[in-house]
Amino acid sequence: MTQTIWIARHANRQDFVNPDWFLTAERRYDPPLSDDGIIQASQLAQRLRKENITAIFSSPFLRTIQTANQVAEVLDLPIKLECGLSEWLNPQWMSETPEKMPIKDLVALFPRIDINYNSRVIAQYPEVGETAFLRAGEAARKIVEEFSEDILLVGHGASVVGATKGLVGEVIEIKAALCCLIKIVRQAPHWVLELNGDTSHLAQVEEIIRFN
């Protein structure tokens, strides 16, 4: 049995471009994509346009949904919100559980969201790094056990690393730059990493990888 799992990190975020955004934001730990991030997400969508992806799973944070939505529009697919792919809920980055946009508002903005999908894993604040990696890895394994066709997971730096290691193991360093792409192929009973943090689809890439 062959199955391809694509894993992407969200594109550039508003508070990376304008750190002062955080000071007045209504939901300060849930920034949207920046203008150049929207372009990156569009470039990711074009990269995946001809791939045989049948389902898209996204972290419930705004920046990941925006990134996933660009791909969903091109591939004409729904978006399944999976809490297990969430940002690392690091208390050094966040002083409390991050507030996210209510689901009804998200669905109004992104009607491709599948309201009938329930997360297979729930992230809980606060988390240490190893907990975040293991949580994302568990989510990836649960999803691929249930969905046997080619799929896309859209997450954050830590959840991209965790999801990848959850499938292929701990033997490699995962490169998780903004809007990068990872390709994992199931060659039963093993998973083979074919792309690691690929950014060749982007016109501009970050020089220093930031996780927070």
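A Cβ distance below 9 Å, combined with a sequence gap of six or more or placement on separate chains, defines the contacts here; from region 20-38, residues that are modelled with pLDDT under 95 reach residues that are of a type in the set (Ser, Thr, Tyr) in the pairs Phe22/Tyr29.
In region 192-208, the residues that are more than 11 Å from Ala11 (Cβ to Cβ) and of a type in the set (D, E, K, R) reach residues that are at pLDDT 95 or above and not in a loop (DSSP other than H, G, I, E, B) with C-beta atoms within less than 8 angstrom, at least six apart or across chains, in these pairs: Glu194/Lys183; Glu194/Ile184; Glu194/Val185; Asp198/Leu181; Asp198/Ile182; Asp198/Lys183. Scanning region 178-212 for residues that are basic (Lys, Arg) and outside any loop (DSSP other than H, G, I, E, B) gives Lys183, Arg186. Quick check on Asp15: is it out of contact with any Lys or Arg (no Cβ under 9 Å at 6 or more places or on another chain), over 26 Å from Ala139 (Cα atoms) and either crowded, with 19+ Cβ neighbours inside 10 Å or among the acidic types (Asp, Glu) (or both)? In short, no.
Can we say Ala132 is among the small types (Gly, Ala, Ser) and within 27 Å of Glu170 (Cα to Cα)? Yes; evaluated as a whole, the condition is true for this residue.
Mind listing whichever residues of region 145-164 are surrounded by fewer than 20 Cβ atoms within 10 Å (Cβ to Cβ) and either within 24 Å of Leu89 (Cβ to Cβ) or without any contact (Cβ under 8 Å) to a residue 60 or more places away in the chain (or both)? Selection gives Glu145, Glu146.
For region 1-37, give me each residue that is of a type in the set (D, E, K, R) and within 16 Å of Leu202 (Cβ to Cβ).
Of everything in region 1-37, those that are of a type in the set (D, E, K, R) and within 16 Å of Leu202 (Cβ to Cβ) turn out to be Arg9, Arg13, Asp35, Asp36.
For region 163-183, a residue qualifies if it is more than 17 Å from Arg210 (Cβ to Cβ) and either under 15 Å from the mean Cα position of the chain (by Cα) or among the acidic types (Asp, Glu) (or both), and the qualifying residues are Ala163, Thr164, Lys165, Gly166, Glu170, Leu181, Ile182, Lys183. For region 18-36, the set of residues classified as of a type outside the set (A, V, I, L, M, F, W, C) and either surrounded by fewer than 16 Cβ atoms within 10 Å (Cβ to Cβ) or farther than 21 Å from Ala136 by Cβ (or both) consists of Asn18, Pro19, Asp20, Thr24, Glu26, Arg27, Arg28, Pro32, Ser34, Asp35, Asp36, listed by residue number. Candidates are the residues of region 92-134 that are in contact (Cβ under 8 Å) with a residue 24 or more places away in the chain and of a type in the set (D, E, K, R); the one that is nearest to Ala158 (Cα to Cα) is Glu127. Taking Ser86 as the residue in question, decide whether it is of a type in the set (Gly, Ala, Ser) and surrounded by fewer than 15 Cβ atoms within 10 Å (Cβ to Cβ). When the stated conditions are applied, Ser86 does not pass them.
The values are calculated or read from the model by the stated rules, or taken from the named source; none is laboratory data. Please read all numbers here as calculations on a predicted model, not as lab measurements. Neighbour counts run over all protein chains shown; Cβ positions are idealised from the backbone, glycine included.
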